[in-house]
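Colleague: Could you have a look at this structure, given as structure tokens, before my questions?
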Amino acid sequence: MNIKWQGVFPAVTTQLRKDQSLDLDATARHVEALIQSGVSGLVMLGSLGENQSLAPDEKRQVIKMTVSHVRGRIPVLSGVAENSTAAACQYVRDGEKAGLDGFMLMPAMVYKGDPRETMAHFRTVAATTGLPIMIYNNPVSYGNDITPEMFAKLAVVRNFVALKESSGNVRRITDLHNTVGDRFAIFTGVDDLLLESAILGIDGWVAGTGIAFPRENQNLWELTRANRWEEARKLYRWFTPLLHLDTHVKFVQYIKLAVRECGLGAEWVRAPRLPLAGRERSEILKVIRRGIETRPALPAGPAAARRT
């Protein structure tokens with residue numbers, strides 16, 4: 001599939017049962033709800049998809065199920081978050097055979113390499129596939145910062161086509177434009193910087209919290225594409241307390257709880273993560289339920305903001 005690197009590519013949770021086994025049917029139902037909301041692609045098995053907590057065979061089951069369910073309607077990407085370069089290369093080869101359309105590549109997860117090592121990891125993995133790759137920069141969580149200057153050096157790799165910028169420093173959007181021009185499609189990966197990033201110029205959004213509120217998420221994106229900033233600000237102000245859930249160390253638990261409250265899945269997570277409890281659970285539920293109670297009325301259809 002020739003991917004159009006624009007729009008909302010949500011990071012999808014991997015649905016689990018209470019006993020922590022995979023629930024592929026529930027994952028497929030959530031995938032379908034996201035497709036119906038109008039998203040442009042799917043990112044399976046990213047950080048939100050609990051990639052690093054799943055066994056190798058489980059990851060392959062998830063991607064095979066997703067490819068089969070989607071049936072080519074939109075692109076399906078998978079996160080690549082292995083602990084070694086060799087394992088990442090094998091995963092990419094297996095994913096290509098399974099019918100994936102591309103990958104979101106993270107640095108090796110255990111060893112925090114220096115820039116030379118990080119770029120060598122990226123180049124080696126890219127050389128094992130002809131499929132397009134989005135590079136994921138998240139120095140806050142993963143300890144490796146892929147700077148604009150590093151992206152400029154990686155620009156010679158043909159199948160590096162997009163980047164997910166999650167440094168939390170919105171200045172990076174302009175620095176990237178000034179350093180690499182339009183060589184890469186730029187996606188934001190920080191939910192509560194979406195509007196700020198959109199103003200500075202991005203191509204897409206790897207959304208997190210929006211998988212619990214897919215219609216609102218898609219509508220916000222479409223408003224930014226239509227330059228309808230006053231309406232976007234209003235919707236963003238409602239959404240922001242929910243979008244903050246994406247920027248906490250327990251973002252997986254928070255977002256899965258939001259998914260449950262919105263009737264789109266379950267909250268079960270893979271240990272060592274545990275479902276929320278006590279005061280923390282009450283406080284997060286208050287944020288989620290307040291968002292549900294004050295949900296704004298939206299135009300009908302996923303592309304309504306474009307049409308009106």
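Colleague: If I stretch the segment between Asp203 and Arg73 completely, what's the gain in nm (0.36 nm per residue apart, minus their alpha carbon distance), one decimal?
Modeller: Working: separation 130, 0.36 × 130 = 46.80 nm, distance 2.00 nm.
Length gained between Asp203 and Arg73: 44.8 nm.
Colleague: Right, next: Cα centroids of region 18-78 and region 89-146: how far apart, whole angstrom?
Modeller: About 19 Å separates the Cα centre of region 18-78 from the one of region 89-146.
Colleague: Here's a follow-up. Only bridges with both residues in the chain count here: give the DSSP antiparallel percent, nearest 5.
Modeller: Close to 5 percent.
Colleague: Now for a separate question. Mind checking the dipole of region 1-114: about its Cα centre, +1 per Lys or Arg Cβ, -1 per Asp or Glu Cβ, Debye to the nearest 20?
Modeller: Dipole magnitude for region 1-114 comes out near 260 debye.
Colleague: Of Asn219, Pro56, Ala277, which is farthest towards the positive pole of the chain's charge dipole, taken about the Cα centre with +1 and -1 on the beta-carbons of Lys, Arg and Asp, Glu respectively?
Modeller: Asn219
Colleague: Rg (Å, one decimal) plus Dmax (Å, integer) for the alpha carbons of region 160-232?
Modeller: For region 160-232, the Cα radius of gyration and maximum Cα-Cα distance read 12.0, 35 Å.
Colleague: Multiply the residue gap between Thr147 and Arg289 by 0.36 nm, knock off their C-alpha separation, and tell me the result in nm, one decimal place. Present the calculation step by step, with values, prior to reporting the outcome.
Modeller: Details: separation 142, 0.36 × 142 = 51.12 nm, distance 3.81 nm.
Length gained between Thr147 and Arg289: 47.3 nm.
Colleague: Next up: Of the options Val170, Asn159, Gly189, report the single residue whose Cα projects farthest towards the positive end of the charge dipole of region 151-192 (beta-carbon charges: Lys, Arg +1; Asp, Glu -1).
Modeller: Sorting the options by dipole projection puts first Asn159.
Colleague: State the percentage of accessible surface on the chain attributable to carbon and sulfur atoms; use a 1.4 Å probe and exclude ligands, DNA and RNA.
Modeller: Carbon with sulfur: 52 percent of the solvent-accessible area.
Colleague: About the Cα centre of the chain, how large is the charge dipole given +1 on each Lys and Arg Cβ and -1 on each Asp and Glu Cβ? Please answer in debye to the nearest 20.
Modeller: 420
Colleague: Pop a pseudo-label 7 angstrom from the Cα along the beta-carbon direction at both Gln20 and Arg273 and give the gap in nm to one decimal.
Modeller: Between Gln20 and Arg273, the simple spin-label model gives 1.3 nm.
Colleague: Further question on the same structure: Quick one: grab Rg to one decimal and Dmax as a whole number for the chain, Cα atoms only, in Å.
Modeller: Final numbers for Rg and Dmax: 18.2, 51 Å.
Colleague: Rolling a 1.4 Å sphere over the protein heavy atoms, what is the accessible area per residue of the chain, to the nearest Å²?
Modeller: Roughly 42 Å² per residue, with all protein chains present.
Colleague: Of Lys4/Lys59; Lys153/Lys234; Lys64/Lys164, which ones are farther than 32 Å apart at the Cα?
Modeller: Lys153/Lys234
Colleague: If you wrap a convex hull around the C-alpha atoms of region 1-57 and split its volume per residue, what is the figure in Å³?
Modeller: Cα-based convex hull of region 1-57, divided per residue, equals 106 Å³.
Colleague: Let me ask something else. So, in nm, how far is label Lys250 from label Asp94 when the simple model puts each one 7 Å beyond its Cα toward the Cβ?
Modeller: Going from the Lys250 label point to the Asp94 one covers 3.2 nm.
Colleague: Report the residue, chosen from Gly130, Gly265, Gly208, that carries the largest GNM mean-square fluctuation when the chain is represented by alpha-carbon nodes joined by springs under 10 Å.
Modeller: Taking springs between Cα atoms under 10 Å, the residue moving most is Gly130.
Colleague: Go ahead and estimate [θ] at 222 nm for the chain from helices alone: -39,500 (n - 2.57) per DSSP H run with n ≥ 4, summed, over the residue count, rounded to 500.
Modeller: Result for the chain: -14000 deg cm²/dmol, rounded to the nearest 500.
Colleague: Another one. R0 = 30 Å: FRET efficiency of Asp114 with Arg281, Cβ-based, nearest 0.05?
Modeller: For Asp114 and Arg281, the calculated efficiency is 0.15.
Colleague: Relative contact order (percent) for the chain, with alpha-carbon contacts under 8 angstrom and 6 or more residues of separation?
Modeller: 18
The values are calculated or read from the model by the stated rules, or taken from the named source; none is laboratory data. From a predicted model like this one, the values you see are computed outputs, not experimental measurements. Glycine also receives a Cβ, built like all others from the backbone with ideal geometry; neighbour counts cover every protein chain displayed. The protein model used for the area step is the full one, side chains on, heavy atoms only, and it has no ligands, DNA or RNA in it. Shrake-Rupley method; radii C 1.70, N 1.55, O 1.52, S 1.80 Å.
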